[in-house]
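Participant: Before anything else, here's the structure in question.
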Amino acid sequence: MADEVPETIYDVPTPSFLVDIDIVKRNCSRMIEQCKRYGVELRPHMKTHKTIEGGILMTGGTKRKIVVSTLAEAEFYADNGFDDILYGYPIIKEKLNRCAKLANHLDMFHLMFDNLTALEAIISSPLDPGKKWSVFLELDCGNGRSGIKWNSEEAVHLSKMAATAENIVFQGLYTHCGDSYTSYDRNEGLRQEIQENTTERLLFLKERLRKEGIQCKSCGCGSTPSCANPIDSMSSLTEFHPGNYIFYDFMQMTIGTVQEEDVGVKVATRVVSHRPDMNMMIVDAGFSAISYDGIQRMSYQPTGISLFKGHPNLRLFGMTQEHGKVQPIEGTLDFDMYPYGKLLFLIPWHSCDTAMMHPVYYVHSGDKILDIWRPCRGW
Ligand SMILES: Cc1ncc(COP(=O)(O)O)c(C=O)c1O
């Protein structure tokens with residue numbers, strides 16, 4: 001059933017994931033234009049959608065210069081004619097065999113590393129004659145995830161070591177400013193502070209390395225909240241690598257990155273049960289259809305962790321695997337308005353996680369389904 005192309009968005013099986021191609025194309029062209037205006041290169045991240053079609057739109061058709069978060073994605077894009085692929089995830093020795101195949105096969109395949117053990121493993125792993133590893137040093141400029149601290153001596157030491165290793169081309173510095181996601185409730189001041197700090201810290205290390213004779217060809221930051229609304233100083237960087245902007249989601253609306261009309265995805269779901277005794281109905285989208293991500297924010301959002309399009313009084317207040325629990329924000333639920341089988345569309349809290357849960361995406365323009373996209377899965 002899932003592989004048949006339904007005629008309209010009202011005919012899709014539920015739950016299912018819908019992609020509005022007109023919004024998605026607009027989001028992609030805006031980011032391409034934005035990067036041109038700021039004089040930086042765009043290396044879009046594929047993790048949000050993991051599809052060939054989305055990759056083509058994000059690269060403006062070049063199929064060059066992308067970031068991926070898994071080796072399965074790297075292989076999927078390489079097999080489908082993409083090149084200049086950065087595996088933007090901390091590399092470990094145990095994954096280098098798979099990476100070597102990509103490095104030998106592609107014109108450009110880059111690794112990201114953040115520690116000495118990984119760098120030593122790269123240095124002692126041979127590639128085909130004439131081939132060198134290409135690496136980015138991952139920095140933590142305040143995000144608090146992987147990456148080496150931007151102001152540590154170790155960051156300088158690792159850069160020097162990579163830049164002088166015979167079998168390595170040192171590309172430069174990469175940071176994911178995921179801390180920009182903490183600027184909830186449209187806190188523009190906080191977002192700008194994070195953008196300023198990230199930019200300053202990247203440039204600080206770049207300059208320190210320059211003084212030591214090490215050039216960073218690339219010096220870039222990512223995250224959709226940062227790159228969708230950059231600050232002026234970010235034009236001193238060379239590269240942006242956001243990913244979520246292809247779809248956006250309810251979380252980006254909450255942060256203030258975009259408005260509802262820019263969100264290009266939704267989950268179709270149907271009413272399956274009425275519980276008047278609990279002033280509640282059940283829809284067929286549980287956490288296996290929209291994910292649990294954002295659940296910690298549930299109590300802060302009047303509508304719960306997602307938004308029912310066109311039904312602002314509905315609140316998704318709980319989920320089990322296949323059940324979504326829905327109550328009105330105010331008053332008594334009008335069950336006549338929501339009969340069994342009634343189709344509703346949910347804007348998910350986090351489109352990356354939600355997309356991950358669906359084997360196919362129904363791609364539509366207006367009401368009409370045009371295509372089905374098949375994402376890459378696994379690791
Ligand atoms: C390493 C890395 N780079 C870039 C991105 C893209 O950021 P965003 O999802 O905010 O667009 C991510 C997202 O998690 C990431 O982990």
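The values are calculated or read from the model by the stated rules, or taken from the named source; none is laboratory data. Keep in mind the model is a prediction, meaning the values are calculated, not measured. With ideal geometry, Cβ positions are generated from the backbone for all residues, glycine too; neighbour counts draw on all protein chains shown. Please note that ligands, DNA and RNA were not included when accessible areas were found on the heavy atoms of the full protein model with its side chains. Shrake-Rupley method; radii C 1.70, N 1.55, O 1.52, S 1.80 Å.
Participant: Between segment 174-204 and segment 231-303, what is the separation of their alpha carbon centroids in Å?
Facilitator: Using only Cα atoms to place each centre, the spacing works out to 21 Å.
Participant: For a protection proxy built on the mean count of beta-carbon atoms within 10 angstrom, sort 177-186, 121-130 highest first, please. Please report the intermediate quantities before stating the final value.
Facilitator: On the way: 177-186: 18.7, 121-130: 12.4.
Order by mean packing, descending: 177-186, 121-130.
Participant: Using only alpha carbon pairs under 8 Å that are at least six residues apart, calculate the relative contact order of segment 260-373 and give it in whole percent.
Facilitator: 31
Participant: Apply the Karplus curve 6.51 cos²θ - 1.76 cosθ + 1.60, θ = phi - 60°, to the phi angles in segment 155-163 and return the couplings in whole Hz, x for Gly and Pro.
Facilitator: Computed from phi, the couplings for segment 155-163 are 5, 5, 4, 5, 4, 4, 5, 5, 5 Hz.
Participant: Given charges of +1 on the Cβ of Lys and Arg and -1 on the Cβ of Asp and Glu, with all other atoms neutral, how large is the dipole of segment 137-221 about its Cα centre, in debye to the nearest 20?
Facilitator: It works out to roughly 240 debye.
Participant: Calculated FRET efficiency, R374 and E330, Cβ-Cβ r, R0 56 Å, to nearest 0.05?
Facilitator: Details: r = 41 Å, r/R0 = 0.74.
That pair, R374 with E330, gives E of 0.85.
Participant: Assign one of three labels to segment 260-373, namely rounded, prolate or oblate, based on the Cα gyration tensor with a ≥ b ≥ c the square roots of its eigenvalues; rounded applies when a/c is under 1.5, prolate when it is not and a/b is larger than b/c, and oblate otherwise.
Facilitator: Here segment 260-373 falls in the prolate category.
Participant: Only bridges whose two residues both fall in the chain count here: according to DSSP, what percent of them are antiparallel, nearest 5? Each step should come with its number before you reach the end.
Facilitator: Working: 28 of 63 bridges.
Among the beta bridges of the chain, antiparallel pairing accounts for roughly 45 percent.
Participant: For the Cα atoms of the chain, what angle does the longest principal axis make with the long axis of helix 96-105, in degrees from 0 to 90, nearest 10?
Facilitator: Around 80 degrees separate the two axes.
Participant: Right, something else. Using the Karplus equation 6.51 cos²θ - 1.76 cosθ + 1.60 (θ = phi - 60°), what ³J(HN,Hα) coupling, rounded to whole Hz, does each residue of segment 32-44 give in order, writing x for Gly and Pro?
Facilitator: Values per residue, Gly and Pro as x: 4, 5, 4, 5, 4, 4, 8, x, 10, 8, 9, 10, x Hz.
Participant: Once you've got the GNM for the chain with C-alpha springs shorter than 10 Å, pick whichever of S288, S16, S152 has the biggest mean-square fluctuation.
Facilitator: Taking springs between Cα atoms under 10 Å, the residue moving most is S152.
Participant: While we're here: So what are the ³J(HN,Hα) numbers for segment 111-121, from phi and the Karplus equation (6.51, -1.76, 1.60; θ = phi - 60°), rounded to whole Hz, Gly and Pro as x?
Facilitator: Couplings: 9, 10, 9, 9, 7, 5, 4, 5, 5, 4, 5 Hz.
Participant: Now a separate question. Within segment 199-295, list the GluC sites (Glu not before Pro) lying in a DSSP loop whose Cβ has at most 16 other Cβ atoms in a 10 Å radius.
Facilitator: E212
Participant: Just to be sure I understand the model, the point goes 7 Å from the Cα along the line to the Cβ. What's the resulting K101 to T8 distance in nm?
Facilitator: Computed distance between label sites K101 and T8 equals 4.6 nm.
Participant: Next question. Taking the Cα centre as origin and putting +1 on Lys and Arg beta-carbons and -1 on Asp and Glu beta-carbons, what dipole magnitude results for the chain, to the nearest 20 debye?
Facilitator: Numbers: 39 positive and 48 negative charges, 148 e Å.
Roughly 720 debye, rounded to the nearest 20.
Participant: Identify, among Y184, S125, A155, the residue whose Cα sits farthest towards the positive end of the charge dipole of segment 90-211, taking +1 on the Cβ of Lys and Arg and -1 on the Cβ of Asp and Glu, with the dipole about the Cα centre.
Facilitator: Among Y184, S125, A155, the one farthest towards the positive end of the dipole of segment 90-211 is S125.
Participant: For the chain, count the residues as N, evaluate 2.2 N^0.38 Å, and divide the Cα radius of gyration by that value, please.
Facilitator: Values: Rg = 22.2 Å, N = 379, 2.2 N^0.38 = 21.0 Å.
Here the Cα radius of gyration is 1.06 times the empirical estimate.
Participant: Treating the beta-carbon of each Lys and Arg as +1 and of each Asp and Glu as -1, no other charges, what is the dipole magnitude of segment 260-373 about its Cα centre, to the nearest 20 debye?
Facilitator: 160
Participant: Ok, one more. Quickly estimate the mean residue ellipticity at 222 nm for the chain, helices only: each DSSP H run with n ≥ 4 gives -39500 (n - 2.57), and the total goes over all residues, rounded to 500. Don't skip to the end; give the middle numbers.
Facilitator: On the way: 11 runs with 109 residues, N = 379.
Calculated mean residue ellipticity at 222 nm is -8500 deg cm²/dmol.
Participant: A follow-up question, please. Once R0 is set to 41 Å, what does the formula 1/(1 + (r/R0)^6) return for the Cβ-Cβ distance between E322 and R30, expressed as a FRET efficiency to the nearest 0.05? Write out the running numbers ahead of the final one.
Facilitator: Values: r = 36 Å, r/R0 = 0.88.
According to the calculation, E is roughly 0.70.
Participant: Still on this model: Calculate, for the chain, the solvent-accessible area per residue in square angstrom, rolling a 1.4 angstrom probe over the heavy atoms of the protein chains. Don't jump to the answer; show the numbers that get you there.
Facilitator: Values: 15980 Å² over 379 residues.
Result: 42 Å² of accessible area for each residue.
Participant: Right, next: Find, among the chymotrypsin sites (Phe, Trp or Tyr not before Pro) in segment 304-355, those assigned to loop by DSSP (not H, G, I, E, B) with at most 13 other beta-carbon atoms within 10 angstrom.
Facilitator: Values: sites: F308, F317, F335, Y340, F345, W349; in loops: F335, Y340, W349.
Of the chymotrypsin sites (Phe, Trp or Tyr not before Pro), the ones in loops of segment 304-355 whose Cβ has at most 13 other Cβ atoms within 10 Å are Y340.
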